[in-house]
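The values are calculated or read from the model by the stated rules, or taken from the named source; none is laboratory data. Quick caveat: nothing in here was measured; it's all calculated off a predicted structure. Neighbour counts are summed over all protein chains in view; Cβ atoms, including those assigned to glycine, are modelled from backbone coordinates with ideal geometry. These accessible areas exclude ligands, DNA and RNA; they are computed on the full protein's heavy atoms, side chains included. Shrake-Rupley method; radii C 1.70, N 1.55, O 1.52, S 1.80 Å.
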Amino acid sequence: MLSAILNWLGGGIVKQFTDPLLAAYQAKLNAKNDTDRLEADLTINRIEAARDIALAESGRAWSATSVGRWLIVLPFGCWWAAIYFVQIINPWFGLELVVIDVPARIHDMALVLVPAIVIADAGAFAARRFGK
């Protein structure tokens, strides 16, 4: 039981990368020709890159863009989803639901902050991707 809980807590993320990586290394060792060996090398590089990105993402949980995503982008996404949901549901069921508008100052801030967070995320991705 304890083993199952520990596997559930930590093993899922570890196994997500270690099992395919071990299989790729085994395929490289068992390769019969250069083509198979190169294909295994490409697989290994792809898995290692995904692992590195996952490690980098886990280390920046309290960065400004991460906190901004949770405090600004997510609520505005839910607000817009509610608007579309209400527009679809009202005619179907003959309801008159209304989504309350966000205060003007908060809306004005979101018009600046949401694109800034998206641009910061894109810049961080580009720096990780092309910075090496």
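At-a-glance table
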read-out	value
Residue selected from the range 97-132 under the condition within 24 Å of the chain's Cα centre (by Cα) and not hydrophobic (A, V, I, L, M, F, W, C), by the criterion modelled with the highest pLDDT	P115
Tally of residues being open to solvent by 50 Å² or more (accessible area, probe 1.4 Å) and without any contact (Cβ under 8 Å) to a residue 40 or more places away in the chain across the range 119-132	8
Pairs where the first residue, in the range 70-86, is touching a residue at least 40 places away in the same chain (Cβ under 8 Å) and the second is in a helix (DSSP H, G or I), C-beta under 6 Å, 6+ apart	I72/L113; V73/V114; V73/I117
So V86, is it surrounded by 11 or more Cβ atoms within 10 Å (Cβ to Cβ) and more than 20 Å from P115 (Cα to Cα)	yes
Residue among I72, I100 that alone is farther than 30 Å from E48 by Cα and open to solvent by 50 Å² or more (accessible area, probe 1.4 Å)	I100
Criterion violated by A56 - all others in (1) at pLDDT below 80; (2) open to solvent by 50 Å² or more (accessible area, probe 1.4 Å); (3) among the aliphatic types (A, V, I, L, M) satisfied	(2)
